[in-house]
Amino acid sequence: MQKNGEKNMLTKQDIFAFLEKMGIRHTDTVTIHAALRKVGEIENGADGLIDGLKEYLSEGLLLVPTHTWANVNPKNPVFDVRSTVPCIGTLAKVAAFRKDGIRSLHPTHSMAAFGKNARAYIEGEEKSHTPAPVGGALSRLYDVGGKVLLCGVGHNRNTYLHSCEERIGVPNRLSEKPVAATIRLLSGEILSRPIRCHHAVGCGDVSAHYPKYEPAFRRAGAVTDGFLGDAPAQFCDCVTMCRVMERIYLAHPGELCFDDEPLPEELLDCVL
């Protein structure tokens, strides 16, 4: 945002105006991925953004991914909800340890929940055997008609899409052998949990190829565009995105995001 050649600081009121313009309701369940440097200066920084989102979603729920998949591994298998630092950016690192949020106990794909029914929403994540199982916190975005907000990042950061693949049953997405993980609870109790990691045969990092689905999401009406500060933003409907991926997979099971080649026109047509 600029005025007279100078950048303005993003305020809480600016955040409210952005969310309203994007069509976000006060009752929505929203998860956010954001590159704060692209957004620009925010009043009170990452905390200010969380405060604005949380206050706007007064009858809903804010979910901030606090993933630790790069920090919890065979060499360091312990996830401590009190101290394990997220591996995915400033917003996650701030959200993970705020006193007004509740961080889930998934050892590799935890989320910090703020707002109505936060504790109930993330309950049971310590029982997960995969990154985004059906019934888990990421997958439940589909069940509650949730939304994904991408600010200054693309769908390669849209972790929700992993839950769609697990829901659809796309093969070759999870490691055959689980990795042993240890979860230390707030009480100090220790839980052991085998986790199958994200894995794609012949593809490397499957997330890197998710942006190729964006034209299909747009054709199906799943995306609303805007700007948060200086960052381009996409507000994405979880149910529609998942249904789009399912239709593409059923129409062409070989289209598993193994490359960055654009989706052919016939696959774009099948999403309608």
Looking at region 136-179 only, could you name the residues that are in a loop (DSSP other than H, G, I, E, B), over 17 Å from C197 (Cβ atoms) and at pLDDT below 95? G169
Among the numbered criteria (1) touching a residue at least 40 places away in the same chain (Cβ under 8 Å); (2) open to solvent by less than 20 Å² (accessible area, probe 1.4 Å); (3) part of a helix (DSSP H, G or I), which one does C257 miss? (3)
Residue pairs meeting the criteria (Cβ under 9 Å; at least 6 apart or on separate chains; first over 17 Å from I24 (Cα atoms), in region 211-223; second crowded, with 19+ Cβ neighbours inside 10 Å and charged (D, E, K, R)): F217/D237; A220/D237
Considering region 129-151 alone, what residues qualify as being open to solvent by 10 Å² or more (accessible area, probe 1.4 Å) and among the hydroxyl-bearing types (S, T, Y)? T130, Y142
Run down G101, G115, G89 and say which single residue is within 13 Å of the chain's Cα centre (by Cα) and open to solvent by 10 Å² or more (accessible area, probe 1.4 Å). G89
Residue list for region 163-203, restricted to those being touching a Leu at 6+ places or on another chain (Cβ under 7 Å) and crowded, with 22+ Cβ neighbours inside 10 Å: S163, I183
I102 versus (1) more than 24 Å from A231 (Cα to Cα); (2) at pLDDT below 95; (3) touching a Phe, Trp or Tyr at 6+ places or on another chain (Cβ under 9 Å): which is the lone unmet condition? (2)
Residue selected from region 204-218 under the condition of a type in the set (G, A, S) and modelled with pLDDT of 80 or more, by the criterion least open to solvent (accessible area, probe 1.4 Å): A216
Number of positions in region 101-135 that are over 15 Å from I195 (Cβ atoms) and in a helix (DSSP H, G or I): 5
Consider region 207-239. How many of its residues are touching a strand residue (DSSP E or B) at 6+ places or on another chain (Cβ under 7 Å) and among the acidic types (D, E)? 2
Here's a check for you: in region 34-50, which residue that is open to solvent by 20 Å² or more (accessible area, probe 1.4 Å) and under 17 Å from the mean Cα position of the chain (by Cα) is farthest from C236 (Cα to Cα)? L36
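The values are calculated or read from the model by the stated rules, or taken from the named source; none is laboratory data. Quantities reported herein were computed from a predicted structural model and do not represent experimental measurements. Using ideal geometry, Cβ is built from the backbone for each residue, glycine included, and neighbour counts are taken over all protein chains shown. The protein model used for the area step is the full one, side chains on, heavy atoms only, and it has no ligands, DNA or RNA in it. Shrake-Rupley method; radii C 1.70, N 1.55, O 1.52, S 1.80 Å.
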